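The values are calculated or read from the model by the stated rules, or taken from the named source; none is laboratory data. Treat the numbers as computed from the prediction; the structure is a model and nothing was measured. Here Cβ is always computed from backbone atoms with ideal geometry, including for glycine, and neighbour counts include all displayed protein chains.
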Amino acid sequence: FEYNGQLGLGGQVLSESGDSAKGQEYQDKDSAVIGFVDVNAFKGSYYLHFDLGKKVELSGGRFNDFKASIYYNDLRHNISQDARTHYLGLDSNRLVDSGNQADPSEWTRFNYYVEHETFGIDTEWSFNTPFYVEIGAEQRESDGRLPYGSYSSGPSAMIELPAPVDWTTDTAFLGAGYRTDKLVMTLRADVSEFDNDDEVLFWDADVTNGVSNQGLSLAPDSDYYKVAGQMVWRPDTWASSLALRASYSQHDNSLDLYKIEAGAGKFDGEVNNTSFDAAFNFSPIDSLDAKVFLKYFERENDGDTVTAVDDPTITNSLNEYDSTSVGFDLGYALTKSTSINGGFEYTDTSLDGRSDADGYEDTRLYLQWRNRSFKSLELRAKVGYLDRDGDPNKENSGVADGERAYDVADQERASAELAAMFMVSDNIDLGIDLGWWDAEYDDTDFNLTDLEHFEAFVTVGYYEPEMFTSSLYFGYEYDETDMTSDSGDGYKEEKEFDTYAYGINVEVPLFDVLVVSVLWDHSWVDGDADFNRADLVDFNDVDDYTIKTLELKCDYNFSETIDFTVGYIYEKYEFDDDQWDEYAYLPGDSTLSGAYSDQDFENNIGYFLAKYRF
Amino acid sequence: LALLLTAPVLAAEASYVGSETCLGCHDDLEAGFIASLHGKAWAAEGVYEENGCEACHGPGSAHVDDPSKETIITFGEDSMHSANQQSDACLACHSASQEIALWDMGIHAKRDVLCSSCHSIHKGYSPLAAMPETCYGCHLDVKIEARKASRHPIKEGEIGCNDCHNPHGTLSKAQIRDESTNQLCYQCHADKRGPFLWEHAPVEKDCSSCHAPHGSRHKKLLTQRVPNLCQSCHERHGVYDKDRVFTGSDPSRFAYGRSCVNCHQNIHGSWAPNRRGAKFFK
């Protein structure tokens with residue numbers, strides 16, 4: 001065997017203050033020994049790779065013959081630290097009132113998190129032929145606690161509870177196909193089984209007032225099957241290619257509703273999805289590139305119809321829809337350096353089971369112009385337009401009550417983009433992107449009436465060979481949302497968000513053996529919401545936050561095979577929102593647990609790593 | 001312009017000269033390639049011995065006679081060959097792949113993105129593009145989104161762009177790796193797939209009606225904060241101004257903290273067989 005790769009060993013020191021859950025949202029860092037292994041091995045046509053770092057993976061195979069991998073990964077999603085509850089039975093699906101609701105300082109402390117452990121294996125065999133077979137399986141174990149809110153009668157009308165997460169998701173696939181440069185055909189079957197050990201969360205609603213045990217439904221076991229096939233054929237004419245894809249999937253479940261509420265029966269759910277896509281790409285003349293396409297997607301719901309046990313007037317709706325799109329994209333080279341592109345798409349969507357709409361039709365258009373006449377300058381301009389002809393059912397009583405689903409409402413959306421890439425000199429490049437879109441719900445009298453977005457991005461790269469490389473980016477986004485209440489409340493609300501982000505990255509090589517790098521990222525949001533009615537109090541802080549990240553790193557190339565790295569990372573997050581300020585565990589008629597509250601943090605991480613290359 | 005149009009013709013009329021001739025001037029490029037995974041695969045298959053440099057760069061005799069960029073296929077932004085011509089050199093081998101089969105139809109090909117924009121053949125061991133840095137090179141808007149307060153674990157390297165998108169092209173919108181957005185999301189979020197007894201119709205149709213998958217300034221990757229997101233369709237329980245939050249004169253569970261979701265927890269759908277289940281309370 002011939003080997004190459006890297007080994008790393010070192011340590012890190014972590015100092016954190018504030019909410020460690022947000023500070024380590026997708027990781028579980030600590031002051032500890034760190035390291036990695038990354039090894040490649042070869043012999044003839046055989047190759048092998050071993051990776052021990054963020055995940056553990058062993059993969060290998062024989063070129064053009066087969067390949068296989070086996071892997072393990074652990075992903076922890078920390079949600080909230082130091083939450084609390086007055087219930088006993090944490091991590092079970094039966095929460096019992098401790099009777100100590102009045103004093104949150106005495107409640108049980110815990111963290112909200114979900115940890116996913118994934119183990120999988122997959123392999124593909126082609127035996128040096130155009131045919132191949134692939135097979136794989138994966139198991140994901142998830143455990144933790146999620147915040148669940150619920151509503152009941154009694155003094156504590158709203159309550160936030162730690163719901164247990166104890167899921168297992170098993171998936172497997174089997175595929176086969178034929179692939180050459182002229183024809184690629186694939187067929188693949190997927191199965192997935194989701195198991196939840198806790199399909200109901202029982203909790204004491206209000207023991208002192210005699211309210212009985214309540215049941216909160218959690219995701220039940222479900223199964224998923226899918227078969228999909230695709231073909232891509234490249235005929236020898238017009239540099240064309242034809243692609244066809246079809247798929248059918250079903251997901252279903254079966255559960256005993258009486259476990260949640262006495263007097264209920266069973267529910268068998270079944271949803272089937274069918275899709276078909278076709279696209280033909282061709283170039284009848286050198287300067288013209290064209291694509292025509294058809295898309296079809298259908299969702300059928302064959303689940304049971306169930307009437308609410310406590311209200312015979314309420315029966316579940318079986319939502320179904322089908323959507324058909326046709327369209328084309330054209331690209332035409334006006335000259336060697338100037339091209340225009342245009343496209344059209346028409347989509348007809350029919351809805352069944354919804355009381356608020358029967359469907360809608362979308363018409364989309366875009367036109368783009370690109371120019372590279374100057375070697376150092378590339379320009380692009382694009383405009384787009386969407387016209388949604390919705391069909392909301394205005395006779396529906398829900399509309400009169402203040403409901404109007406914005407996903408099916410009439411909409412006119414216009415967009416524009418302008419971009420330039422400019423090579424200022426041999427060692428300086430500049431990129432500017434400007435974008436704008438505006439969506440007007442033009443037949444809407446209340447709820448969401450207008451969305452507007454503007455963005456500007458600038459990138460600068462500056463290089464001085466053997467002295468330094470640097471890059472800078474700046475981004476700005478402006479978002480405005482306008483809403484109007486119905487005549488009963490009679491007000492308008494306008495929300496505005498200014499989002500800023502910039503970053504700089506500089507690398508400086510020193511003395512041929514050192515590389516010092518500095519990375520700084522800073523982003524912040526300023527949001528507010530204004531009402532036009534004098535008696536309403538405006539929000540000054542809406543999802544305002546600041547994120548700062550500083551990374552300093554020094555790589556020392558000690559020898560041909562040994563490197564040392566010393567680094568420091570600083571992260572700071574501050575969040576300010578009127579909706580969360582002065583968070584209380586017992587506000588009014590509610591009982592909260594602290595989920596998502598006070599997530600400010602400040603982290604300092606120092607690390608050292610020795611790397612050996614071979 | 002004349003040079004650009006005639007370059008492929010020159011290449012087609014040229015003949016193979018062998019790698020030894022190429023290395024006479026470009027020997028600095030060989031070591032990196034031989035040590036790379038691509039080089040190992042070629043060595044194992046005998047491709048390098050058979051055609052060597054000219055397997056990708058085309059026959060080199062014209063370039064030997066006139067060592068300019070017009071007379072040989074080069075790769076990158078400063079190549080004299082079109083994006084299609086450069087891609088064709090790679091697709092000559094790689095089009096026989098289910099991952100790349102739809103390259104011609106994809107948005108990257110339509111925008112003249114080059115294979116070499118993302119993949120490096122002569123540098124490094126693996127020609128695979130580093131995610132997400134490679135994508136961020138063009139998609140700065142996504143880079144900024146993915147670093148917002150609420151986000152997927154892209155920064156931590158737990159999710160790569162290509163877990164959800166196939167940059168080489170698919171028949172789906174945004175080149176996602178499934179037929180619909182929801183089916184893609186369910187691959188990881190199986191607990192959200194139902195089927196539900198009480199369905200929230202827009203949820204069943206498109207997760208992105210409410211969620212911004214790359215990142216958001218609002219919690220839970222939402223496109224707007226709650227209650228405003230819910231109020232886009234529903235107007236219930238009166239007014240939610242600053243008087244209704246923790247610090248206000250009339251605090252309300254409808255407005256503070258998680259707002260609507262304080263009570264309507266099962267907003268994706270519910271299985272509780274009662275009227276509160278129908279309203280996603282349980």
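Which of the residues that make up the range A:103-120 are without any contact (Cβ under 8 Å) to a residue 60 or more places away in the chain and either exposed (fewer than 15 other Cβ atoms within 10 Å of the Cβ) or not hydrophobic (A, V, I, L, M, F, W, C) (or both)?
A:Asp103, A:Ser105, A:Glu106, A:Thr108, A:Arg109, A:Glu115, A:His116, A:Glu117, A:Thr118, A:Gly120
Out of the residues in the range A:435-456 meeting the condition of being under 18 Å from A:Asp489 (Cβ atoms) and among the hydrophobic types (A, V, I, L, M, F, W, C), tell me which one is farthest from the other protein chains (Cβ to nearest Cβ).
A:Phe446
Would you pick out the residues in the range A:55-72 that are within 13 Å of chain B (Cβ to nearest Cβ), farther than 30 Å from A:Thr180 by Cα and at pLDDT 95 or above?
Result: no residue meets the conditions.
Scan the range A:574-585 and give yes if some residue there is assigned to a loop (DSSP other than H, G, I, E, B), hydroxyl-bearing (Ser, Thr, Tyr), out of contact with any Ser or Thr (no Cβ under 6 Å at 6 or more places or on another chain) and buried (at least 16 other Cβ atoms within 10 Å of the Cβ), otherwise no.
Yes, there is a match, as at least one residue in the range A:574-585 is assigned to a loop (DSSP other than H, G, I, E, B), hydroxyl-bearing (Ser, Thr, Tyr), out of contact with any Ser or Thr (no Cβ under 6 Å at 6 or more places or on another chain) and buried (at least 16 other Cβ atoms within 10 Å of the Cβ).
Which pairs have Cβ atoms under 7 Å, sit 6 or more apart or on different chains, and link a residue in the range A:155-168 that is charged (D, E, K, R) to one that is modelled with pLDDT under 85?
none
When the range B:235-250 is examined, which residues are found to be surrounded by 19 or more Cβ atoms within 10 Å (Cβ to Cβ) and either under 27 Å from B:Tyr186 (Cα atoms) or facing chain A (nearest Cβ under 7 Å) (or both)?
Once the filter is applied, which keeps residues that are surrounded by 19 or more Cβ atoms within 10 Å (Cβ to Cβ) and either under 27 Å from B:Tyr186 (Cα atoms) or facing chain A (nearest Cβ under 7 Å) (or both), the range B:235-250 yields B:Glu235, B:Val239, B:Asp241, B:Lys242, B:Val245, B:Phe246.
Of all the strands (runs of 3 or more DSSP E) wholly in the range A:56-143, which have at least 2 residues that are under 30 Å from A:Asp190 (Cα atoms)?
Per the criteria, A:56-62, A:66-85, A:108-125.
Which number in (1) of a type in the set (Phe, Trp, Tyr); (2) under 22 Å from B:His152 (Cβ atoms); (3) more than 9 Å from chain B (Cβ to nearest Cβ) marks the one condition that A:Phe36 misses?
Only one criterion is unmet by A:Phe36, namely (2).
Which count do you get for residues in the range A:279-293 that are in contact with a strand residue (DSSP E or B) (Cβ under 7 Å, 6 or more places away or on another chain) and over 18 Å from A:Leu244 (Cα atoms)?
Of the residues in the range A:279-293, 4 are in contact with a strand residue (DSSP E or B) (Cβ under 7 Å, 6 or more places away or on another chain) and over 18 Å from A:Leu244 (Cα atoms).
Within the range A:64-101, how many residues turn out to be more than 30 Å from A:Glu124 (Cα to Cα), of a type in the set (D, E, K, R) and more than 29 Å from the chain's Cα centre (by Cα)?
Final tally of qualifying residues: 2.
Could you grab me the full set of residues in the range B:184-195 that are in a loop (DSSP other than H, G, I, E, B) and at the interface with another protein chain (Cβ under 7 Å from one of its Cβ atoms)?
Result: B:Arg193, B:Gly194, B:Pro195.
For the range B:201-239, enumerate the residues that are under 26 Å from the mean Cα position of the chain (by Cα) and in a helix (DSSP H, G or I).
Scanning the range B:201-239 gives B:Pro202, B:Val203, B:Glu204, B:Lys205, B:Cys207, B:Ser208, B:Ser209, B:Lys219, B:Lys220, B:Leu221.
Tally up the residues in the range A:507-564 that are of a type in the set (Gly, Ala, Ser) and within 30 Å of A:Lys22 (Cα to Cα), please.
Here the count works out to 4.
If a residue has to be assigned to a loop (DSSP other than H, G, I, E, B) and buried (at least 20 other Cβ atoms within 10 Å of the Cβ) to count, how many in the range B:128-146 make the cut?
2
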